[in-house]
Amino acid sequence: MYDVVIIGSGPAGLSASIYAKRAGLTAITLEANPMSGGQVLNTYEVDNYPGLPGINGFELGMKFREHADKLGCEFQNASVLSVQKSVEAEMKAAAYEKEEEKGFVIHTDQGELRSKTVLAAMGASHAKLGVPGEEELSGMGVSYCATCDGAFFRGKTVAVVGGGDVAVEDAVFLARSCEKVYLIHRRDELRAAAVLQREVKELPNVEILWDTVVEKINGEEQVQSIDIRNVKTQRKNSLPVAGVFIAVGIIPASGMMRELVKCDQRGYVLAGEDCAASMPGVFAAGDVRKKQLRQIVTAVADGANAVTSILEYLSSERV
């Protein structure tokens with residue numbers, strides 16, 4: 001019986017592992033991937049993490065893991081299949097109660113684990129275009145975070161793909177430092193808030209390409225151009241750009257938790273700054289949690305906040 005099972009080993013999960021160990025909790029971190037670090041491993045350069053400007057994303061992820069290993073944090077490679085609440089009511093009705101039966105049962109492809117609390121830190125993934133060159137040039141001009149990588153394209157021409165709030169916000173943000181920004185949207189009107197639409201349409205260095213989709217991303221070790229097609233006229237064209245910022249949605253990895261805790265319509269776990277979810281004993285940290293900003297620094301902060309809340313929960317009468 002663990003005090004906490006941490007699901008996910010991105011920045012939020014690793015931060016929670018470190019804080020849990022320092023707090024004297026019995027904790028194990030489950031990671032589905034061969035390496036810790038989460039999405040940061042695919043980031044060529046991180047320029048906004050305090051104190052480590054310009055660090056390689058892979059190196060930053062390894063530093064997080066090294067810190068956890070130095071403290072003796074426990075890890076296991078396992079994919080979580082489901083999380084269930086132990087049935088205390090039946091045991092109480094039978095007039096006995098076993099400590100090891102309290103809390104939660106975490107079913108994995110490596111067997112079952114039992115824990116008093118669960119921290120969901122599975123993160124989220126960016127929706128992909130699914131076009132040739134996207135995967136090959138990820139981190140080499142293909143980006144899913146304008147605030148993370150925009151500074152590397154100062155004075156250059158870039159494209160933003162999408163029509164929602166995030167895409168328009170990215171276009172506005174990039175227009176401040178880029179020479180030219182193409183906003184590519186597959187429909188003839190944006191889905192973003194009216195105030196954002198007005199702002200982006202007033203920018204002289206932003207050009208909106210309506211009814212247009214990206215069919216291919218081209219480049220050798222760096223994005224050089226994109227192939228686009230107008231869905232109404234079927235006219236095709238090649239657009240020279242140094243970067244492509246894809247903002248067509250985020251997919252939280254919350255599937256295994258949706259029957260256990262409340263999520264919003266997009267699947268993000270509803271949890272406040274204390275990271276406590278709707279079911280007592282379940283917490284959420286990092287990109288899987290409904291929040292304003294999804295960055296490495298906020299994920300790390302979530303991990304610390306979650307462990308503080310877990311400590312308070314474990315010291316209460318509920319456990």
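Across region 292-319, the qualifying residues are those that are in contact (Cβ under 8 Å) with a residue 12 or more places away in the chain and part of a loop (DSSP other than H, G, I, E, B), and the one among them that is nearest to Met1 (Cα to Cα) is Val319. How do the helices (runs of 4 or more DSSP H) wholly within region 142-229 filter down when requiring 3 or more residues that are surrounded by fewer than 22 Cβ atoms within 10 Å (Cβ to Cβ): which remain? In region 142-229, the matching helices (runs of 4 or more DSSP H) lie at 165-175, 194-201.
Looking at region 240-285, which of its residues are of a type in the set (Val, Ile, Thr) and outside any loop (DSSP other than H, G, I, E, B)? Hits for region 240-285 are Val244, Ile246, Ile250, Ile251, Val269, Val282. For region 230-239, a residue qualifies if it is of a type in the set (Lys, Arg) and in a loop (DSSP other than H, G, I, E, B), and the qualifying residues are Lys232, Arg235. Among the residues of region 206-262, count how many are within 30 Å of Val288 (Cβ to Cβ) and not polar (S, T, N, Q). So the count comes out to 23. Go through the residues of region 34-50 one by one and say whether even a single one is at pLDDT 95 or above, surrounded by 14 or more Cβ atoms within 10 Å (Cβ to Cβ) and in a helix (DSSP H, G or I). For region 34-50, residues at pLDDT 95 or above, surrounded by 14 or more Cβ atoms within 10 Å (Cβ to Cβ) and in a helix (DSSP H, G or I): absent.
Suppose the filter is touching a residue at least 60 places away in the same chain (Cβ under 8 Å) and touching a helix residue (DSSP H, G or I) at 6+ places or on another chain (Cβ under 6 Å); does Ala146 pass it? Yes; evaluated as a whole, the condition is true for this residue. Tell me, please, whether a residue that is assigned by TED's automatic domain parsing to the domain that holds Ile6, part of a strand (DSSP E or B) and free of Cβ contacts under 8 Å to residues at least 40 places away in the same chain can be found in region 114-124. No.
Looking at Tyr96, Tyr144, Tyr182, which one is in contact with a strand residue (DSSP E or B) (Cβ under 7 Å, 6 or more places away or on another chain) and at pLDDT below 95? After applying the criteria, what remains is Tyr144.
The values are calculated or read from the model by the stated rules, or taken from the named source; none is laboratory data. Quantities reported herein were computed from a predicted structural model and do not represent experimental measurements. In this analysis, Cβ positions are derived from the backbone assuming ideal geometry, glycine residues included, and neighbour counts consider all displayed protein chains.
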